[in-house]
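The values are calculated or read from the model by the stated rules, or taken from the named source; none is laboratory data. Not measured: the values here are computed from a predicted model. Glycine also receives a Cβ, built like all others from the backbone with ideal geometry; neighbour counts cover every protein chain displayed.
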Amino acid sequence: MPLTFDDLLARARSLPRDGRRAILGVAGSPGAGKSTLARALVRELNGTGEPWVAHVPMDGFHLADAELDRLGRRGRKGAPDTFDAAGYAALLRRLREESDGDVVYAPGFERVLEQPVAGAVPVPPTARLVVTEGNYLLLGTGAWARVRSRLDEVWFCELEEAERIRRLVARHEEFGKSHEDAVAWVHGPDQRNAGLVAATRDRADLVVPAAALPVVEAGG
């Protein structure tokens, strides 16, 4: 039987066991629908009752533009070395180990400003499942190699390439790029990053086909 979104909900719901917090990772290339899937899972699992699922995007660990300028990496923003990978891995460890204490605050990412925002995402101790998403959850190099072991499962979003590129161009345009600049960025830095991410597909616990993904909004 083809995988459905309801199947994904059931699988995610079963991850927390023995009273401990579980962390689900959603990986995939830029524009593949990671954020949309994560948000849909959190929304549907929380329903109208007491929220027990939290969403912690990896994007909050983007380095600020000022630091990228200092490092000479601004033109490659979005590449693995333009994130604080060690900080992200440390947060995942904290989320796993401090599941019954105080609220844990994670950084968020403001897409209009294209900048990280400290302390923007609260994870309360009542959260038994954390859904985190980003490009490089399965990358095995540098500090990224610490990430995979701190995730109970990682799902890989797979979208037809032409559609992924179309959506990614539209997203860049929505957040201020001209059509020409959006196309150039998608076929330049974004595509190089997409190749790195695609090479990690086989490390995922589950490959999620396009048919099982919810309708993609801007930001996937």
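Scanning the stretch 191-214 for residues that are within 20 Å of TRP144 (Cβ to Cβ) and not in a helix (DSSP H, G or I) yields ALA199, THR200, ALA204, ASP205, LEU206, VAL207. Of all residues in the stretch 11-67, those being buried (at least 16 other Cβ atoms within 10 Å of the Cβ), part of a loop (DSSP other than H, G, I, E, B), more than 16 Å from the chain's Cα centre (by Cα) and not hydrophobic (A, V, I, L, M, F, W, C) number 2. Checking the structure you have, find out if any residue of the stretch 141-152 is free of Cβ contacts under 8 Å to residues at least 24 places away in the same chain, out of contact with any Asp or Glu (no Cβ under 9 Å at 6 or more places or on another chain) and of a type in the set (Gly, Ala, Ser). Scanning the stretch 141-152, I find at least one residue that is free of Cβ contacts under 8 Å to residues at least 24 places away in the same chain, out of contact with any Asp or Glu (no Cβ under 9 Å at 6 or more places or on another chain) and of a type in the set (Gly, Ala, Ser), so the answer is yes.
Restricting attention to the stretch 159-185, the residues that are closer than 21 Å to ARG111 by Cα and touching a residue at least 40 places away in the same chain (Cβ under 8 Å) total 9. Taken over the stretch 62-93, the residue count meeting the criterion of being in contact (Cβ under 8 Å) with a residue 60 or more places away in the chain and either hydrophobic (A, V, I, L, M, F, W, C) or closer than 30 Å to ARG128 by Cα (or both) is 7.
Results for (1) in contact with a strand residue (DSSP E or B) (Cβ under 7 Å, 6 or more places away or on another chain); (2) farther than 20 Å from ALA210 by Cα, shown as yes or no for each residue.
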position: VAL123; (1), (2): yes, yes
position: VAL131; (1), (2): yes, no
position: LEU137; (1), (2): yes, no
position: GLY140; (1), (2): no, yes
position: TRP144; (1), (2): no, yes
position: SER149; (1), (2): no, yes
position: VAL154; (1), (2): yes, no
position: GLU161; (1), (2): no, no
position: LEU168; (1), (2): no, no
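Within the stretch 12-59, the set of residues being touching a helix residue (DSSP H, G or I) at 6+ places or on another chain (Cβ under 9 Å) and of a type in the set (Asp, Glu) comprises GLU44, ASP59.
Do we find that SER14 is more than 16 Å from ARG150 (Cα to Cα), hydroxyl-bearing (Ser, Thr, Tyr) and modelled with pLDDT of 95 or more in this structure?
Values: more than 16 Å from ARG150 (Cα to Cα): yes; hydroxyl-bearing (Ser, Thr, Tyr): yes; modelled with pLDDT of 95 or more: yes.
Criteria met by SER14.
A residue that is hydrophobic (A, V, I, L, M, F, W, C) and touching a Ser or Thr at 6+ places or on another chain (Cβ under 8 Å) occurs somewhere in the stretch 179-197.
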